[in-house]
Amino acid sequence: MPLSKLNKEQLDAARAPLGHNLIIASAGTGKTSTIVGRIAYLLQNGIKPEEILLLTFTNKAANEMKERISRFFESAKNIEAGTFHAVSYRWLKKFNKKIILKSPKDMKILFKSVYEKRDFKRLGFEEQPYGANYLFDIYSLFLNSNSFSFEEWLFKRAPKQKDYALVYEDIFDEYEEIKKKHNLVDFNSLLLRMIEELENGIDNPFKEVLVDEYQDTNPLQNRLIESLKQNSLFCVGDYDQSIYAFNGADINIISTFDKRYPDAKIFTLKKNYRSYGEILALANKVIKNNPRIYPKELEVTRGFCGTYPKLLMYNDTFEQYSDIAQKILNSPINYDEIAILFRNNSSADGIEAMLREKGIECRRKGGVGFFQSREIKVVLDILVFLLNPKDIMAFIHIFEYAKGIGNAIASEIYEALNILGEGNAIEGFLNPDLNKKIFHKKKTSTQLGLFDDFLQLGSVSKFKDLGFSEDFLKNPVLKHPKLNIEGAIFLYEFYNFLKKVKRFKNSNSIFNELANSKLLDKIIKSLALNRSKDKNGKIDEEKFEEAKEKIKNKIQILGNLLKKYNDLEKFINAMVLGANEMSEGRGVNLLSVHASKGLEFKEVYIVDMMEGRFPNIKLSKPAGGIEEERRLFYVAVTRAKDRLYFAFAKRDRIKNIEYEPSRFLIEAGYNVNEKCKM
């Protein structure tokens, strides 16, 4: 049983009475085993699986915990478990089956279509406005901060941007209006809508809520936890591993737990089962320079190996990467058990190049995986649109491949088709109501950066010699004033595809029709052309044909996956919601410190241990300061089980920058004045 395998510290926490319990689980101390033990204890004491809510930071973590507990309690499969967003989505779906969840990347495209309607130059402000993508991220940070006034929040963060506050808020309002109109939800609005339901008295069946990685919660997530009005909380985290301040995480949430809940009990897991004593001694020595929120120190269970983590010193970064690659080539450790960690993504390119030069397999976390490739995403978008023609985001995403149709125009065409089809954009294509009025003049507001550039309707006469069917030529959408010939042809191929698949019920038949359509052929050629250009922008015909073949092979793999599903909707849900946690290959692990969180490796190299690189002073200022950087260092160090190396280079010859050793090396007790290795 799960409880029988716990040590005394873990067992005391797992058996805590119902109430407000905080478990400080240091690196490698078995927090997952403790959570699984807690769930087992609840089930043994009469609490039903349906009365337990487990909130995690990845769906993978939730599934692994449920799988472990299900070995002993078959009913554990009924526990509600997942990320804040996944759980909220499933709950909201029960009350509103029409909502459509979209990824941040997709929602940025919709946001950009709204942003592009503004003419910031004509406002005449001296300060440059934020770009669309950055403003989207700023909006997300604002929502997760749980602040009331955007203007006040922006002024504290960037005073010079205050002139644009009204314009930005108008963009946010229009963006939210479109989302509401089309039942779209993004990750932020999922939580806000869930909180609204809870605060309006939604039935809450849970007797205990368990929260994993509690130190990484942001104010909005914490508000969701508090909105559950739960009498029993079991929160597991480690303030020394709070490293997501840049993404809105607030360390004050874990540090004030005992103040917000007067009946709180604090448990501390100190026994580390991961690393040798020398590694833990170094981690403890450096992290003590940060304030101790709750008393703790890692304890050794594996003993000492006799070798202190080694500092490797080089004259320049290129030599650093080359020598590390050579060391890995000579290492007896399996490549999958080796990790190279870096603070800045710019370090990864040189490392990867050196590894591949020596024929060493490697996988780089954050690279473009199968489900993130553009060809797979657009095929999924087409299938999503077939399934739900109210999905404006899927439509805009598809029309990225239509020449001359940007996000704003695609959004306007979609709205027009939606009107022509009386709320169904596919019907707007196939059976438009010709009496409907579309393409109204835009509102004008100089103060909000909105200007009227929609002067007159275009003529369809320029499309009459392109071989379009008479039915298609009658569609008023062709009168969009900015629609060019290439865009109209793309629309026509989409129209033909929709017309053909309308009669199909079988999902595999739909996919095969798509795979052989002129629509997808155009998209494939567009992608292949971009991937076969040389430095001068010329097309390499051999690379072009090779790129097309690779794209088609990927799409065929997706088709093979579809064969396992009888229902297109289940297939789409599995592909879209599970895509981010798919495998990324084999070999040496190249990871940012943030991406390494929760992982462990036998051999770890932490590179570019220089002031300005790690700690990164520039990045640390708005995201928790030097204390946050020290927590990052702590996380990096505690990924190592057996061997740990630090690498320092005096200069970067390409950037022509001289470096001083990282202060963390000095805090760890290294003599940084020794002669370099090379």
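Some observations on this one:
- Calculated from the alpha-carbon coordinates, segment 1-79 shows an Rg and a Dmax of 11.8, 32 Å respectively.
- Comparing Ser411, Val588, Ala81 along the charge dipole axis of the chain, the residue lying farthest to the positive side is Val588, per the Cβ-charge model.
- Dipole of segment 286-335 computed with +1 at Lys/Arg Cβ and -1 at Asp/Glu Cβ about the Cα centre; of Ile328, Val300, Val286, farthest Cα towards the positive end is Val300.
- Accessible surface of the chain [probe 1.4 Å, protein heavy atoms]: carbon and sulfur percent: 48 percent
- Of the trypsin sites (Lys or Arg not before Pro) in segment 27-91, the ones in a loop by DSSP (not H, G, I, E or B) with at most 11 other beta carbons within 10 Å are Arg71.
- When all protein chains stay in place and ligands, DNA and RNA are ignored, the 1.4 Å accessible-area order of Tyr605, Tyr261, largest first, is Tyr261, Tyr605.
- A 1.4 Å probe, protein heavy atoms only, puts the accessible area of Trp91 near 20 Å².
- Across the options Trp91, Leu198, Leu141, the greatest Cα extent toward the positive end of the charge dipole of segment 54-200 (unit charges at beta carbon of Lys, Arg, Asp, Glu) belongs to Trp91.
- Pairs of lysines in segment 181-340 (C-alpha under 19 Å apart; 8 or more residues apart or interchain): 16
- Among the listed pairs Lys602/Lys650; Lys60/Lys162; Lys105/Lys518; Lys31/Lys98, those beyond 29 Å (Cα-Cα): Lys60/Lys162; Lys31/Lys98
- The Cα atoms of segment 494-563 cover 47, 26, 12 Å along the three principal axes, with the biggest extent listed first.
- Accessible surface calculations at 1.4 Å, restricted to protein heavy atoms, place the chain at 47 Å² per residue.
- For segment 377-433, the spread of Cα positions along each principal axis, largest first, Å: 29, 24, 15
- With DNA, RNA and ligands ignored, accessible area of Tyr273 (1.4 Å probe; Å², nearest 10): 110 Å²
- Close amide H partners of Ile657, meaning residues 5 or more places away or on another chain with modelled amide H under 5 Å apart, are Asp652.
- Ellipsoid equivalent to segment 242-379 - semi-axes via the Cα gyration tensor, in Å: 35, 26, 15
- Taking the Cα centre of the chain as origin and assigning +1 to Lys and Arg Cβ atoms and -1 to Asp and Glu Cβ atoms, the resulting dipole is close to 880 debye.
- Computed with a 1.4 Å probe over protein heavy atoms only, the accessible area of Arg643 comes to about 90 Å².
- Taking only the Cα atoms of segment 308-390, the radius of gyration and Dmax are 19.0, 61 Å.
- Between segment 279-332 and segment 33-101, the alpha-carbon center distance in angstrom: 36 Å
- Listed peptides 216-224, 47-55 appear in the order 216-224, 47-55 once ranked by packing, highest mean of other Cβ atoms within 10 Å at the front.
- For segment 279-293, the Karplus equation 6.51 cos²θ - 1.76 cosθ + 1.60, evaluated at θ = phi - 60°, returns couplings of 5, 5, 4, 5, 4, 4, 4, 7, 5, 5, 6, 8, x, 8, 6 Hz by residue, with Gly and Pro reported as x.
- Over segment 102-177, the ratio between the Cα radius of gyration and 2.2 N^0.38 Å evaluates to 1.06.
- Amide H within-cut-off set for Leu54, under 5 Å, with H built and near neighbours excluded: Glu80, Ala81, Gly82, Leu210
The values are calculated or read from the model by the stated rules, or taken from the named source; none is laboratory data. What you see is a predicted model, and the numbers here were worked out from it, not measured in a lab. Every residue, glycine among them, receives a Cβ derived from its backbone with ideal geometry; neighbour counts consider all protein chains shown. Each accessible area value is taken on the protein alone, full model and side chains, heavy atoms only, with ligands, DNA and RNA left out. Shrake-Rupley method; radii C 1.70, N 1.55, O 1.52, S 1.80 Å.
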